[in-house]
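Asks: Starting off with a structure, shown below.
Coordinate-derived values only; no laboratory data. Computed from a predicted model, the values in this text were never measured in an experiment. A quick note on method: Cβ atoms are made from the backbone with ideal geometry, for glycine too, and the neighbour counts reach across all protein chains shown.
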Amino acid sequence: MPSVGEGTADSASHPARSPLGRHPGWPARLGPLRVPAGLVEVRAPRLWDAAAWSRVRRRDRRYLERWEPTAPGNWDNNNATLAWPGQWSTLRGLGRRGMSMPFVITVDGELAGQVTVGNVVRGSLCSAWVGYWVGTHVAGGGVATAAVALVVEHAFAAAGLHRLEATVRPENTASLRVLGKLGFREEGLFRRYLDVAGSWRDHLCFALTTEDVPNGLVAGLIAEGRAQHP
């Protein structure tokens, strides 16, 4: 789902850089953080995630289709186990070329969602967007908030980005709560921005820059009692 990037070592990240520095910050393993739903970690996608990814996506179709961009084809086919290798290969390719930082979210070791930093632009802009989804079995348990905090911190520190942007439908109260907890500021409304659920939908635009979180996001979550180190 389009929507929803660190300043401290609290993320426990371990970035890997290419010799040419073309994709700083990816792949990486971030966390863990303990939240009410369990132990949250974020890592690069793996080929053998296929069955778990498909199981969550197909089970939660009714929920996810409400918020994600409309895709051609059939949902069950697009999210079948056999569809994952192609998606994984594309995600890995984008990560290796420094165009994206794709991650999966795990809770107690089980795949529970994805968070992606996409459209990475370097140079004078040094910006990207961040998007995420989690399964209904962990919704409301602090998982998305913890995962996005880990990735945002990592994108700012290890990956060297300056600004992250997130776009969310005004009706998506759960996603709005995630961004609110992390201090993303609302910057405007994009009219008829994305085709979602078969229609062109308005999206609110939120953003965060490194200057907004000098002490990092993870430390803030811990101080507020929303997460803790295991």
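Asks: From the set of residues in the stretch 69-98 that are assigned to a loop (DSSP other than H, G, I, E, B) and crowded, with 17+ Cβ neighbours inside 10 Å, which is farthest from the chain's Cα centre (by Cα)?
Replies: As a first pass, look at the stretch 69-98 and keep what is assigned to a loop (DSSP other than H, G, I, E, B): 70-74, 79-80, 97-98.
The next check asks that each one be crowded, with 17+ Cβ neighbours inside 10 Å; those that pass are 79, 98.
On the way: Asn79: 18, Gly98: 16 Å.
Applying the filter and picking the extreme gives Asn79.
Asks: Looking only at the stretch 114-133, count how many residues are closer than 15 Å to Arg43 by Cβ and of a type in the set (A, V, I, L, M, F, W, C).
Replies: As a first pass, look at the stretch 114-133 and keep what is closer than 15 Å to Arg43 by Cβ: 114-117, 132.
Narrowing the set further to residues that are of a type in the set (A, V, I, L, M, F, W, C) leaves 115, 117.
Within the stretch 114-133, residues that are closer than 15 Å to Arg43 by Cβ and of a type in the set (A, V, I, L, M, F, W, C) number 2.
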